[in-house]
Amino acid sequence: MSNRAVLEVIALDAKDAIAARSGGADRLELVTDMAADGLTPSRETFARIRAAVDIPLRVMLRLTDGFAAGDARAVDALVRAARELRAEGAEEFVLGFLDEAGNADLVAVERVVAELEGCRWTFHRAIDRAADRDALRKQLADLPGLDTYLTAGSASGVDAGLPTLLAEAARRGEPGYEPQILVGGGLRLDHVAVLRAAGVDAFHTVSFKHLPAPGT
């Protein structure tokens, strides 16, 4: 059995997707508008990327900058976006919303997840802005399809968050800690050996050029 790490790369279009796949990516996170840290791409963009590469695609569900889902109409728009992308063939997603207190916004998350029945999804770096990471994990523990947390361990990035990442990796398998840790946000190659030694087996980057070497 291979112990190769999962390598996920952001792609904004088919050209990005092809370059990332050629560079060793195992999976892509599809977004638009990186100035807003990644928003939901159009279904047309998804279709072009799906036609260009044959590796798994996780599609961002996030319509505005920040980690708040917005009001009921905004959540309705997220649900519609999810429905349209599923109709286009999307099977994996990325999402995550916090309320004003920094807790998981369960109303918004549960409404969107209900539209994703049968799909796997990542809770993204909203966890790095949470008031209590452990409490958030336990809030979300029973939601269907959640198999990954994208996290740097800190809102400031992996340098600051490394101790948190190592501590959470040591709790893998505990209630709330079953999902895979996907490390991204200021990730550098010199972080990878330490994280791999702790059992972290998934990494996220904005460019295939900065991926951990295959086999690490």
Return yes or no: is Ser22 among the small types (Gly, Ala, Ser) and free of Cβ contacts under 8 Å to residues at least 12 places away in the same chain? no
Search segment 86-105 for residues being touching a helix residue (DSSP H, G or I) at 6+ places or on another chain (Cβ under 9 Å) and open to solvent by 50 Å² or more (accessible area, probe 1.4 Å), and hand back the single one that is nearest to Gly184 (Cα to Cα). Asn103
Within segment 13-38, track down each residue that is surrounded by 18 or more Cβ atoms within 10 Å (Cβ to Cβ) and more than 12 Å from the chain's Cα centre (by Cα). Asp16, Ala17, Ala20, Arg21, Ala25, Asp26
State all residues of segment 176-192 that are open to solvent by 50 Å² or more (accessible area, probe 1.4 Å) and either at pLDDT 95 or above or under 19 Å from the mean Cα position of the chain (by Cα) (or both); if no residue qualifies, say none. Glu178, Gly186, Arg188
Among the residues of segment 142-163, which ones are open to solvent by less than 50 Å² (accessible area, probe 1.4 Å) and over 21 Å from Glu29 (Cβ atoms)? Leu162
If you take just the strands (runs of 3 or more DSSP E) that sit entirely in segment 112-216, which of them hold at least 2 residues that are touching a Pro at 6+ places or on another chain (Cβ under 7 Å)? 146-151
Cβ-Cβ distance below 9 Å, separation of 6 or more or different chains: which pairs start in segment 98-113 with a residue that is farther than 19 Å from Asp147 by Cβ and end on one that is surrounded by fewer than 14 Cβ atoms within 10 Å (Cβ to Cβ) and of a type in the set (Val, Ile, Thr)? Asp99/Val107
Residues in segment 120-131: is at least one of a type in the set (Gly, Ala, Ser), crowded, with 18+ Cβ neighbours inside 10 Å, touching a Lys or Arg at 6+ places or on another chain (Cβ under 7 Å) and without any contact (Cβ under 8 Å) to a residue 40 or more places away in the chain? no
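The values are calculated or read from the model by the stated rules, or taken from the named source; none is laboratory data. Worth saying up front: this structure is predicted, and the values here are computed from it rather than measured. Glycine gets a Cβ as well: all are built from the backbone with ideal geometry, and neighbour counts include every protein chain shown. These area figures cover heavy atoms from the full protein model, side chains too; ligands, DNA and RNA do not enter into them. Shrake-Rupley method; radii C 1.70, N 1.55, O 1.52, S 1.80 Å.
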